[in-house]
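Engineer: One structure follows; several queries about it will come next.
Here, each number is a calculation from the coordinates, and none is a lab measurement. Everything quoted here is computed from the prediction, not taken from an experiment. Note that each Cβ is placed from the backbone with ideal geometry, even for glycine, and that neighbours are counted across all protein chains shown.
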There are 2 protein chains.
Amino acid sequence: MPVNAKPHPVWLPKEAAILSTYNIAGKLEGEGNFGKNYDRVIEDDLWGEGSWEKAESKMFEQAVTLALQRANVQAQELGLLLGGDLLNQIISANYAARQLATPFFGVYGACSTMSLTMLLGGMLQSAGYFDTVACATCSHFATAERQFRAPNELGNQRTPTAQRTVTGAACAVLGCPPAQGPHVVITGGTVGTVIDMGVTDITNMGAAMAPAAADTIARHMNGFGHTVNDYDLIVTGDLGKYGCMMLQELTAERGIFLEEKLFDCGERIFSDKQDAHGGGSGCGCSGVVLTSTILPRMLAGHYQRVLFMATGALMSPVSSMQGETIPGVAHAVVLERRA
Amino acid sequence: MPVNAKPHPVWLPKEAAILSTYNIAGKLEGEGNFGKNYDRVIEDDLWGEGSWEKAESKMFEQAVTLALQRANVQAQELGLLLGGDLLNQIISANYAARQLATPFFGVYGACSTMSLTMLLGGMLQSAGYFDTVACATCSHFATAERQFRAPNELGNQRTPTAQRTVTGAACAVLGCPPAQGPHVVITGGTVGTVIDMGVTDITNMGAAMAPAAADTIARHMNGFGHTVNDYDLIVTGDLGKYGCMMLQELTAERGIFLEEKLFDCGERIFSDKQDAHGGGSGCGCSGVVLTSTILPRMLAGHYQRVLFMATGALMSPVSSMQGETIPGVAHAVVLERRA
């Protein structure tokens, strides 16, 4: 096992404000715990398109287009679009970027994509390279299941640890802080390292991601000289029910006690009645929960400082078949309320 | 067709120096035009591993490790690793990042990855977020062919426009410019937009990428107020023989005459005797040619200012089967010699 990385904390020289957000969720998600909070709930997985993949790309494109409208930014003026998704060659993001015709960097961080794009976008906007940066991601139950696991038509029995890929897309537009009014800014964060504790079960992504989340939290707290008390909430992406238990144990071993400060988007997105087993997952999971629920609660004054840390299982059907284990990664972004 | 993006030129506030590079090439590449320039030529596509995918990931990891050694940077001290490759879920980069245990952002830009990581890495290093950033990519003939086209064992006849994926990996370590001695710095660049002119032929990647390259060159020259005369060389990634012809035509239509200033890594990497048809391709192609040949020629004083623009075809077997066309993207990085 290599020596662990140093903390390498990232401080933004100027605060990057979240100017606007937009999110789109699937039907089942719309019936879940945060159903009323979503900007748009689609009633049909195809959303008028000829394939689920095309519907997913449309969700990404629409989330960006409508977030830009809310921020009053013309696509032509947008300095940079940062985005990625779960599909091979990140086709949802690529085809959406083609429609949007904006400068575009594609990223791949599996389900960690929302915090990856927000940390990276915050750094680039804060440094003055671009006036505005759009950070976006999406996932779709039907496309992810058939790519990563089995044909959807098989109707396989799902294991208790299995999580359900969220159908959802989210975009956050970053720019200079407004002169007045409550808003949320990005002040810094910590880039994750790829951690692998030897999980091979492709139906237990939470276990593959929890060690990476624990590592990033430890490096983050160390680098910033913070403790859990410095945060009102620590939001993880999609560890799910079992991944959350693991994270609580792994951080406690390091003397970091998250306890009721931990809010996992995957664990919370579906209600207990929805038969989602371990919870939700997918890039869209943390994207839609952050933008629909966490950020509005911050704006309303419920939380002053939140650590947002989407978590990704870097799972590949090819490498799994070649006997490889599943590494994870988690990137942490510090969100603060300004009035 | 959406309105084209504005130029959005990227100027670095401080120059980011290329402290070191390392590259590794396959056997056929070692017999090609730049064979003597590579740091290492592997004699066997498996390089002692159990699969081509594992060999590819090892090439990535070794390129980073040895570039860091040359720059005298401990992996623990490295602020950020930026990398990606052609494989689904960028597994070569992910598994290498696991071994390296450094903070890591994964990117996906297909064959544009080398200039994507260098432009992004330059921006992050220049802004002071990290003292050092490693930018890396790789590709492998055997893994790419079977993922994107057909089982290697079929031995299909290749079309004249088909390019051969280069087996190669390259890394460039960026940091603060040295106090003395000739070195190459990144001074700025232009982020590409995703352009699609309707190409559907998965054996003609050059045609899919040339429109994106033309768009980025036009936006770059416009944004910086430059002409072709401001550059000693314009290096494209892997347009190949036919893509180069298209790029010459597409830029000439806009009044930009590249002519003998154009140097395409894909067109040049293999000799005419090597039966590589349209030329080389893959993320590794521009990576190994830049680090083995272009940068040393700059250090030797042959070129003062080079525009390095790796080009990517965002091709996906799934979307191709669903009737989608193949979009392209190209990111431009300005490299300048300092003495």
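Engineer: Which three semi-axes in whole Å describe the equivalent ellipsoid of chain A, each the square root of 5 times a Cα gyration tensor eigenvalue, listed largest first?
Structural biologist: After diagonalising the Cα gyration tensor, the semi-axes are 26, 25, 18 Å.
Engineer: Moving on to the next point. How compact and how long is segment B:4-56, expressed as Rg and Dmax of its alpha-carbon atoms in Å?
Structural biologist: Here Rg and the maximum Cα pair distance are 18.0, 48 Å.
Engineer: Let me ask you something else. May I ask you to derive the relative contact order of chain B, considering only C-alpha pairs under 8 Å and at least 6 residues apart, and to give it as an integer percent?
Structural biologist: Computed over chain B, the figure is 25 percent.
Engineer: Compute, for chain B, the length of the dipole vector about the Cα centre, with Cβ point charges of +1 (Lys, Arg) and -1 (Asp, Glu) only. Units Debye, rounded to 20.
Structural biologist: Rounded to the nearest 20 debye, it is 560 debye.
Engineer: For chain B, modelled as a Gaussian network with Cα springs under 10 Å, which listed residue fluctuates most, B:Leu86, B:Leu239, B:Leu100?
Structural biologist: With Cα springs under 10 Å in chain B, the top fluctuation among B:Leu86, B:Leu239, B:Leu100 is at B:Leu100.
Engineer: Put +1 on the Cβ of each Lys and Arg and -1 on the Cβ of each Asp and Glu in segment B:2-87; which of B:Ala63, B:Leu86, B:Pro13 then has its Cα farthest toward the positive end of the dipole?
Structural biologist: Most positive-ward Cα: B:Pro13.
Engineer: Let me ask you something else. If R0 is 25 Å, what FRET efficiency do you get for A:His226 and A:Arg338 from their C-beta distance, rounded to 0.05?
Structural biologist: Working: r = 18 Å, r/R0 = 0.74.
Given R0 = 25 Å and the Cβ-Cβ separation, E is 0.85.
Engineer: Cα-based Rg of segment A:168-312 per 2.2 N^0.38 Å, rounded to two decimals?
Structural biologist: On the way: Rg = 15.3 Å, N = 145, 2.2 N^0.38 = 14.6 Å.
In units of the globular-protein estimate, segment A:168-312 measures up at 1.05.
Engineer: Can you tell me how much longer the chain between B:Phe257 and B:Asn156 gets when fully stretched, taken as 0.36 nm per residue apart minus their C-alpha distance, in nm with one decimal?
Structural biologist: On the way: separation 101, 0.36 × 101 = 36.36 nm, distance 3.74 nm.
32.6 nm is the gain from fully extending B:Phe257 to B:Asn156.
Engineer: Mind checking the mean number of beta-carbon atoms from other chains within 10 Å of the Cβ atoms in B:105-118?
Structural biologist: Mean shielding by partner chains, rounded to a whole number: 5.
Engineer: Follow-up. What number comes out for the charge environment of A:Gly278, summing +1 per Lys or Arg and -1 per Asp or Glu over other residues with Cβ under 15 Å away?
Structural biologist: Combined, the nearby Lys, Arg, Asp and Glu give -2.
Engineer: For chain B, modelled as a GNM with alpha-carbon contacts under 10 angstrom, which of B:Met309, B:Met59, B:Met197 fluctuates the most?
Structural biologist: B:Met197
Engineer: Moving to a separate point now. For peptide B:176-189, compute the average count of partner chain beta-carbon atoms within 10 Å of each residue's beta-carbon.
Structural biologist: Taking all residues of B:176-189 together, the mean is 0.
Engineer: Follow-up question, since we're still on this one. Past 24 Å, Cα to Cα: identify those pairs from A:Lys6/B:Lys54; B:Lys58/B:Lys241; A:Lys241/A:Lys273, in the order given.
Structural biologist: Check vs 24 Å cut-off fails for A:Lys6/B:Lys54; B:Lys58/B:Lys241.
Engineer: Once the label point is placed 7 Å from Cα along Cβ, list for B:Gly128 the distances to the corresponding points in the other copies, in nm, shortest first.
Structural biologist: Spelled out, the distances from B:Gly128's label point are 1.1 nm.
Engineer: For an R0 of 41 angstrom, estimate the FRET efficiency from the Cβ-Cβ distance between A:Arg40 and A:Asp201 and round to the nearest 0.05.
Structural biologist: Once the sixth-power term is evaluated, E becomes 0.75.
Engineer: Which of the chymotrypsin sites (Phe, Trp or Tyr not before Pro) found in segment B:164-265 are loop residues per DSSP with 15 or fewer other Cβ atoms within 10 Å of their Cβ?
Structural biologist: In loop regions of segment B:164-265 (DSSP not H, G, I, E or B), the sparsely surrounded chymotrypsin sites (Phe, Trp or Tyr not before Pro) are B:Phe257.
Engineer: For label points placed 7 Å from Cα toward Cβ, what is the shortest-first list of nm distances from B:Cys176 to its copies?
Structural biologist: Result for B:Cys176, in nm, nearest copy first: 2.9.
Engineer: Follow-up. Pick out which of A:Gln248, A:Gln274, A:Gln304 has the largest mean-square fluctuation in a Gaussian network model of chain A, springs linking Cα atoms closer than 10 Å.
Structural biologist: A:Gln274
Engineer: Which of the peptides B:113-121, A:188-196 is most tightly packed, and how do the rest follow, judged by the mean count of other Cβ atoms within 10 Å per residue?
Structural biologist: Highest-to-lowest ranking by the protection proxy: B:113-121, A:188-196.
Engineer: Hey, what does the equivalent ellipsoid look like for the protein assembly as shown, semi-axes from the Cα gyration tensor as sqrt of 5 times each eigenvalue, largest first, whole Å? Display every interim value, and only then the final one.
Structural biologist: Numbers: eigenvalues 266, 138, 125 Å².
Working through the eigenvalues yields semi-axes of 36, 26, 25 Å.
Engineer: In a solvent-free Debye calculation with one equal scatterer on each Cα, what is log10 I(q)/I(0) for segment A:232-284 at q = 0.12, 0.16, 0.30 Å⁻¹, listed in the order of the q values?
Structural biologist: -0.26, -0.46, -1.15
Engineer: Tell me the volume per residue, in Å³, of the convex hull enclosing the alpha carbons of segment B:46-185.
Structural biologist: 124 Å³
Engineer: What stretch of chain B, leaving out the sites themselves, is the longest with no GluC sites (Glu not before Pro) in a DSSP loop having at most 12 other Cβ atoms within 10 Å?
Structural biologist: B:44-252
Engineer: If I require 15 Å or longer along the helix axis, counting alpha carbons, and a Kyte-Doolittle average no lower than 0.5, what helices from chain A are left? Use full DSSP H segments. Before the final figure, lay out each step's value.
Structural biologist: Numbers: long enough: A:52-71 (29 Å, -0.42); A:113-126 (19 Å, 0.97); A:205-224 (28 Å, 0.39); A:240-252 (18 Å, 0.15).
Membrane-span-like by this rule: A:113-126.
Engineer: Per DSSP H run of n ≥ 4, the term is -39500 (n - 2.57); total these for the protein assembly as shown, divide by its residue number, and report the mean residue ellipticity at 222 nm rounded to 500 deg cm²/dmol. Could you put the intermediate results ahead of the total?
Structural biologist: Details: 22 runs with 220 residues, N = 678.
Here the helix-only value at 222 nm equals -9500 deg cm²/dmol.
Engineer: Once you keep just the Cα pairs under 8 angstrom separated by 6 or more residues, what percentage relative contact order results for segment A:137-257? List each step's numbers first, then the result.
Structural biologist: Values: 105 pairs, mean separation 28.9, N = 121.
It rounds to 24 percent for segment A:137-257.
Engineer: Let me ask something else about it. Which aspartates and glutamates have a Cα less than 13 Å from the Cα of B:Lys261, not counting those fewer than 8 places away in the same chain?
Structural biologist: B:Asp230, B:Asp232
Engineer: Taking all pairs of distinct Cα atoms, average 1/r, flip it, and tell me the Kirkwood hydrodynamic radius of segment B:18-99 in Å to one decimal place.
Structural biologist: Taking every pair of different Cα atoms in segment B:18-99, averaging 1/r and inverting gives 13.6 Å.
Engineer: Hey, how much of the P(r) for segment B:143-217 falls beyond 19 Å, as a percent of Cα pairs?
Structural biologist: Beyond 19 Å sits 61 percent of the P(r) for segment B:143-217.
Engineer: While we're looking at this one, here's another question. If I model a spin label at A:Lys273 and B:Ser320 as a point 7 Å from the Cα along the Cα→Cβ vector, what separation in nanometres do I get?
Structural biologist: Distance between the two pseudo-spin positions: 4.8 nm.
Engineer: Report, as an integer, the average count of C-beta atoms from other chains found within 10 Å of each Cβ along A:73-80.
Structural biologist: That average works out to 3.
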